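Below is one structure, written out as structure tokens; comments come after it.
Read-outs: derived from the displayed coordinates by stated rules, not from any lab. None of these values were measured; they are calculated from a predicted model. Backbone-built Cβ (ideal geometry, glycine too); neighbour counts: all protein chains shown.
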Amino acid sequence: MSFFANLEHQISASAIDAPRRSFSVSIVHAEDVDDFVEKLRGYRLQLTQIDKGPFAAKIVQTELAGALLTAAQYSRSLVHAGEPPSGKITFAMGKSRLPARWQGQDFGSYDLLVAPTSGAEIDLVTQAGFGCATASFVPDVVKATADRLGLSPIGDVANIVLIPLDRNKAVMLRI
């Protein structure tokens, strides 16, 4: 059965319906940590710079029909602490080959993080030049997609899960 066999999915993909849906895009370039965090939508985040030099970061966020897509790039090594968007299941991947540390574990370029709708804590240490992409969805969309693809229920995770992917799947997700 096609993903679009479900009437709700047909409506969400309809160009005619698009003007009534909420849609926003923001592109931010910040040269101050506090300014960057203030402009970041959906996340409760604290950043601490751990190397010398001027801070610079870029972020692109798109919000469409309840989904929040985020891509960020940082010029300096940072400690990230906080929470992902509440009420949504968040998926995250590194955009670069630079390794990072997630809650004391290696977070490599072929790893996928899955955060539950609540209670998830961000504990990430990154190197200068690190970039990441996240996608946050309401649980019903994640469940319906997993059901259609024959996957186990992703929305039932209680804590953040780090899933190692093979190279081909990681590359496919980045595209």
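Side notes on the structure shown:
- Note: relative contact order over the chain, using C-alpha pairs below 8 Å and six or more positions apart, is 20 percent.
- Cα-based helix-to-principal-axis angle, 139-149 vs the chain, degrees rounded to 10: 70
- Based on alpha-carbon atoms, the Kirkwood radius and the radius of gyration of region 36-142 give Rg/Rh equal to 0.94.
- Positive-end ranking of LEU165, PRO139, PHE107 along the dipole of region 3-174, with charges on Cβ about the Cα centre, is headed by LEU165.
- Likely footprinting exposure, ILE27, ILE59, fewest C-beta neighbours within 10 Å first: ILE27, ILE59
- Reciprocal mean inverse distance between Cα atoms of region 79-159 - Kirkwood radius, Å: 13.3
- Integer Hz, Karplus 6.51/-1.76/1.60 couplings in order for region 160-172, x for Gly and Pro: 5, 10, 9, 10, x, 10, 6, 3, 4, 5, 5, 4, 4
- Taken one residue at a time, the phi angles of region 87-101 give Karplus couplings (6.51, -1.76, 1.60, θ = phi - 60°) of x, 10, 8, 10, 10, 9, 9, x, 9, 10, 7, 5, x, 9, 10 Hz. Gly and Pro are set to x.
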